[in-house]
1. Just to verify a result, which residue in the range 198-234, among those that are touching a residue at least 24 places away in the same chain (Cβ under 8 Å), assigned to a helix (DSSP H, G or I) and open to solvent by 20 Å² or more (accessible area, probe 1.4 Å), is farthest from Gly74 (Cα to Cα)?
2. Pick out the one residue from Glu78, Glu25 that is farther than 30 Å from Pro310 by Cβ and of a type in the set (D, E, K, R).
3. Within the bounds of the range 23-45, is there any residue that is touching a Phe, Trp or Tyr at 6+ places or on another chain (Cβ under 7 Å) and either among the small types (Gly, Ala, Ser) or outside the structural domain of Lys209 (by TED's automatic domain parsing) (or both)?
4. Can you run down the residue pairs with Cβ atoms below 7 Å, 6 or more apart or on separate chains, where the first is in the range 136-155 and acidic (Asp, Glu) and the partner is open to solvent by less than 80 Å² (accessible area, probe 1.4 Å)?
5. Report yes if Thr85 is of a type outside the set (Gly, Ala, Ser), in a loop (DSSP other than H, G, I, E, B) and surrounded by 22 or more Cβ atoms within 10 Å (Cβ to Cβ), otherwise no.
6. I'd like the full set of residues that are open to solvent by 10 Å² or more (accessible area, probe 1.4 Å), more than 19 Å from Tyr281 (Cα to Cα) and not hydrophobic (A, V, I, L, M, F, W, C), limited to the range 92-123.
7. Would you mind stating whether Asn256 is within 22 Å of the chain's Cα centre (by Cα) and open to solvent by less than 10 Å² (accessible area, probe 1.4 Å)?
Amino acid sequence: MKVPMLDLNAQYEPMKDKVLQAMTEVFDSKRFVNGPQVKELEEKLAEYCHCKHAIGVASGTDALLISLMAFGIGEGDEVITTPFTFFATAGSIFRVGAKPVFVDIDLKTYNIDPERIEEKITDRTRAIIPVHLFGQCVEMDKINEIAQKYNLYVIEDAAQAIGSEYKGRRAGSLGDVGCFSFFPSKNLGCCGDGGLVTTNNDELAEKIKILRQHGSKPKYYHKIIGGNFRLDTMQAAVLLQKFPYLEEWHKGRQKNAEYYNEHLKDVVVTPFVESYNIMIYNQYTIRTPMRDELQNKLNDANIGNAIYYPVPLHLQECFAYLGYKEGDLPESEKAAQEVVSIPIYPELTDEQKDYVIQIIGDNLS
Ligand SMILES: *Cc1c(COP(=O)(O)O)cnc(C)c1O
């Protein structure tokens, strides 16, 4: 048997005709940029994310970048985030000229540990970027409390968490601004790159829309400098076709996770979900000190798997100038050594899940 990490074919097959039709419509209209599908998608996703505004952008990375730009964060500023995330979170902080400041995670959820944030705040700190890793929200009440106390912006990196809930509220509506990605491996993926920014702040939404088109308003008049951060019409058209399936896909992932939990909980550390959270399982990540052995066995058994993430960002070569050394953020370092993510996509069959469980069980019990 073979179990891929992700099977986009299984997802595409039932909607193929509709997606191709939607793409044909874009070609027929020739409105490749700023077509009506972008606005329609923004309206749908704003509502879905419990936000007043949603602004399509070219990628999740651009969502982070444009949010930092909208707050005027740059040279001399510090931004607090987690080292246990995809590179873009910290890369974006660097790209606006600010300094990433890493705070260790809570090993239970793999999310930034709010208890460790205050000690890293200086008079240069401007914002916190909590990352809702693997599809589970950060403990946002604590983040917002700290942000309020020190007058900081909160930029949610919700790239892996569209539809994820914290105390009944959706990711992207929990801070000042939310950043989403439609990279094909996310729960809602397009056919290339795409992203979204959400906010309940009218002024901020207006500024982000202006920044998205080189800071121009009206066209060819620039009071501020932005960039080309637009979401293609083609991507919006595809996403509009996929969006109606999103809740069903979340449920499929959640069912798979329950099944794995039940059968793997005595063999490895299975994902821990806080009682007030609804996780959308963009990844199903297990942890064991025998990770490397397990990964070899998974590979030999043709079971897709991936390590998110093998090197915590504070130990990346490009961030050596920040002066971190091994042992500085021990929980993140431990996670990097012990985690492995296994296939969780909604179309997994019972036979595939049982096979994954059997291979993991055989090798570790
Ligand atoms: C995917 C991802 C991003 C970047 O999104 P892109 O669309 O690939 O640019 C940022 N942060 C996290 C946590 C991600 O998982």
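1. Filtering the range 198-234 for residues that are touching a residue at least 24 places away in the same chain (Cβ under 8 Å), assigned to a helix (DSSP H, G or I) and open to solvent by 20 Å² or more (accessible area, probe 1.4 Å), the one farthest from Gly74 (Cα to Cα) comes out as Met234.
2. Glu25
3. No: the range 23-45 contains no residue that is touching a Phe, Trp or Tyr at 6+ places or on another chain (Cβ under 7 Å) and either among the small types (Gly, Ala, Ser) or outside the structural domain of Lys209 (by TED's automatic domain parsing) (or both).
4. Glu139/Pro114
5. Details: of a type outside the set (Gly, Ala, Ser): yes; in a loop (DSSP other than H, G, I, E, B): yes; surrounded by 22 or more Cβ atoms within 10 Å (Cβ to Cβ): yes.
Yes.
6. Scanning the range 92-123 gives Arg95, Gly97, Lys99, Asp113, Pro114, Glu115, Arg116, Glu118, Glu119, Lys120, Thr122, Asp123.
7. Details: within 22 Å of the chain's Cα centre (by Cα): yes; open to solvent by less than 10 Å² (accessible area, probe 1.4 Å): yes.
For Asn256, the condition - within 22 Å of the chain's Cα centre (by Cα) and open to solvent by less than 10 Å² (accessible area, probe 1.4 Å) - is met.
Rundown of residues vs (1) touching a helix residue (DSSP H, G or I) at 6+ places or on another chain (Cβ under 6 Å); (2) away from the ligand (no atom under 16 Å from the Cβ); (3) modelled with pLDDT under 95; (4) not assigned by TED's automatic domain parsing to the domain that holds Ala54, yes/no style:
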{"position": "Pro100", "(1), (2), (3), (4)": "yes, no, no, no"}
{"position": "Pro114", "(1), (2), (3), (4)": "yes, yes, no, no"}
{"position": "Gly135", "(1), (2), (3), (4)": "no, no, no, no"}
{"position": "Val154", "(1), (2), (3), (4)": "yes, no, no, no"}
{"position": "Cys190", "(1), (2), (3), (4)": "yes, no, no, no"}
{"position": "Gly194", "(1), (2), (3), (4)": "yes, no, no, no"}
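The values are calculated or read from the model by the stated rules, or taken from the named source; none is laboratory data. Bear in mind the structure is a predicted one, so any value in this text is a computation, not a measurement. Heads up, the Cβs are rebuilt from the backbone with ideal geometry, glycines too, and the neighbour counts pull from every protein chain shown. For the accessible areas, the whole protein counts, side chains as well, though only heavy atoms, and no ligand, DNA or RNA atoms are used. Shrake-Rupley method; radii C 1.70, N 1.55, O 1.52, S 1.80 Å.
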